[in-house]
Amino acid sequence: MYGQTTAATDEEMERFYQDLSKAVKQVPKRDMLLVMRNFNAKVGRREPSAMSSAVGLYGLGETNEAGEQLDNFYLEHELALANTMFKQHPRRYIPGPLLMATPRIR
């Protein structure tokens, strides 16, 4: 599936997330689902008190608009941003947009 770049219009991004949503819904709940892409999103770090977020405690930086959209998409589909769930050595962090690997929460 082709993903839009940061130069995409709001309508193009909405269409991309609608297509991705259709694809995710086709995967049986019992199967592991991995969504891997450079989303050009900064999801930041979840505050320990925030319970409704697909983002873990180990994200980097400040959340941007694309990161909020991605977090909302993952929540809607009961997914988790796996690369933010585990603490890693600083040299393992990739600056800028991150590749998101996503397992089902349930």
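Quickly rank 24-33, 54-63 as a protection proxy: mean count of other C-beta atoms within 10 Å, highest first. Could you put the intermediate results ahead of the total?
Numbers: 24-33: 10.1, 54-63: 17.3.
Top of the packing list down: 54-63, 24-33.
Placing pseudo-labels 7 Å out from each Cα toward the beta carbon at A23 and D10 gives an inter-label distance of 2.5 nm.
Quote to one decimal, in nm, the extra length available between A82 and E68 on full extension: 0.36 nm per residue of separation minus the C-alpha distance between them. Could you put the intermediate results ahead of the total?
On the way: separation 14, 0.36 × 14 = 5.04 nm, distance 1.58 nm.
Contour length minus the Cα-Cα distance gives 3.5 nm.
Bridgeable aspartates and glutamates around K87 (alpha carbons under 16 Å apart, same-chain partners fewer than 8 residues away excluded): E47.
Only the coordinates and a few stated rules stand behind these numbers; no lab work does. Since this is a predicted model, take the numbers as computed values, not measurements. Every residue, glycine as well, gets a Cβ built from its backbone with ideal geometry; the counts of neighbours run over all protein chains shown.
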